[in-house]
Amino acid sequence: MSDQPALIVHIIFRLDVGGLENGLVNLINTLPSERYRHAIFCLTHATDFRQRILKPDVEIFELHKSDGKSLRYYYNVYTLLRQLQPAVVHTRNLATIESQLPAWLAGVPFRVHGEHGWDVYDPDGTNVKYQWLRRLIKPLIHHFIPLSQQLEHYLIKTIQVKPKLLTRICNGVDTDTFYPDTADQVQIADCPFNGQNQRLIGAVGRMHGVKDQMNLVEAFILLRENPRNTHARLILVGDGPLRQQAINRLQQTGLLEHAWLPGARADIADILRGLDLFVLPSRAEGISNTILEAMATALPVIATRVGGNDELVVNGETGSLVSASDPNALANTIHNYVQHPELLHQHGQAGYQRILEHFSMNAMVNQYLSVYDRHLKTPSQ
């Protein structure tokens, strides 16, 4: 065991399409293999998204945890950790933080917790029960990694984490996968719109809860009321309960033929290269991977002014920020881009340059290494 690279066990809710999971996969693929090995514990299960992991030795454990508290789950985590003997356990988000208890009992030397975004049942961090849960588990955690300034302030002010125990790390972008279109416009596979004389407005993400794609649907309906915007098309990529709701609403207004909702897709980079404008209509966010990926594809981004979005989108320079849950404001902002194609290009190029300068994969990896390498020292609270 001592001759092998140190093992990190990453504990997540589910290995599926999503920003948190995408960031984890990028990290595993990029961290030097001679330094660290990896295993993933999924509270529930893993999907075909696992195929994005390029390293062949990453074990994935599906724990199929039942809803609510589960002593069997804690025992299974404890048993696996005793068997694997990792140097580091890294839990992510509220759903996994209680796994720090079996990690502590199993004697894992260094325990890390990441906050990537708000829980669907606590979109603004005000839930007192969840605050007390974090405070209760806090003494078991050696280091915290918030992804946004908002989450960093929350951990310091509300959870009372000492600043020296935090390292804020933004996700890096895989610019080998996400890069600008070099042709006039990429044709999106299976999409009914060819992009010729059209403006393709798109969003990518799970269609549920705080992601609030219905905000964009309502904005699109308002947008199309203006006869100058008949060339606008809506593309919503992702699956979840809001997908059928969006289809029903678009059908009700006679706009379904001007929208494309293909469900979950694996070719996100190609889809982004086929868009003209990217929109993130969420009610809450941490640091959005999809914003970073859209910017890396040289797309202008309209995002709601929540969470870490204003850390990524420079209002009036790389895109625009609007109030959450305000389809009128969103429709007006989209209209401005649809009617001014030079703005699409200008803001898209500025966003691309911002990615190259501030959100490289190398910077992210080096910051994670600086945290993980602390397991070589005796942690102190």
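The values are calculated or read from the model by the stated rules, or taken from the named source; none is laboratory data. Keep in mind that what you see is a predicted model, and the values were worked out from it rather than measured. Note: ideal-geometry Cβ built from the backbone for every residue, glycine included; neighbour counts use all protein chains shown. Heavy atoms of the whole protein, side chains included, go into the accessibility calculation; ligands, DNA and RNA do not. Shrake-Rupley method; radii C 1.70, N 1.55, O 1.52, S 1.80 Å.
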Do the conditions hold for GLU115, that is, is it within 16 Å of PHE13 (Cβ to Cβ) and surrounded by 24 or more Cβ atoms within 10 Å (Cβ to Cβ)? yes
Hits in the stretch 47-77 (condition: in a helix (DSSP H, G or I), within 22 Å of GLU115 (Cα to Cα) and open to solvent by 20 Å² or more (accessible area, probe 1.4 Å)): PHE49, ARG50, TYR74
Across the stretch 39-80, which residue is nearest to LEU133 (Cα to Cα) among those that are free of Cβ contacts under 8 Å to residues at least 60 places away in the same chain and of a type in the set (Val, Ile, Thr)? THR44
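Quick grid of which residues meet (1) farther than 20 Å from LEU369 by Cβ; (2) in contact with a helix residue (DSSP H, G or I) (Cβ under 9 Å, 6 or more places away or on another chain); (3) in a loop (DSSP other than H, G, I, E, B); (4) at pLDDT below 95:
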residue	(1), (2), (3), (4)
MET1	yes, no, yes, yes
LEU7	no, yes, no, no
ASN26	no, yes, no, yes
PRO32	no, yes, yes, no
ILE40	no, yes, no, no
State whether the residues of the stretch 195-205 include one that is in contact (Cβ under 8 Å) with a residue 12 or more places away in the chain, closer than 30 Å to PRO86 by Cβ and not in a helix (DSSP H, G or I). no
When you go through MET364, MET295 one by one, which is the residue that is assigned to a helix (DSSP H, G or I), open to solvent by less than 10 Å² (accessible area, probe 1.4 Å) and either under 30 Å from PRO227 (Cβ atoms) or at pLDDT below 95 (or both)? MET364
Here's a check for you: in the stretch 206-238, which residue that is assigned to a loop (DSSP other than H, G, I, E, B) and touching a residue at least 60 places away in the same chain (Cβ under 8 Å) is farthest from the chain's Cα centre (by Cα)? ASN226
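So, SER99, is that one small (Gly, Ala, Ser), at pLDDT 95 or above and farther than 30 Å from ASP267 by Cβ or not?
Yes.
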Can you work out which of the residues in the stretch 181-204 that are within 23 Å of the chain's Cα centre (by Cα) and modelled with pLDDT under 95 is surrounded by the fewest Cβ atoms within 10 Å (Cβ to Cβ)? ASP181
Name the single residue, out of those in the stretch 252-279 being within 26 Å of LEU343 (Cα to Cα) and among the small types (Gly, Ala, Ser), that is nearest to the chain's Cα centre (by Cα). ALA269
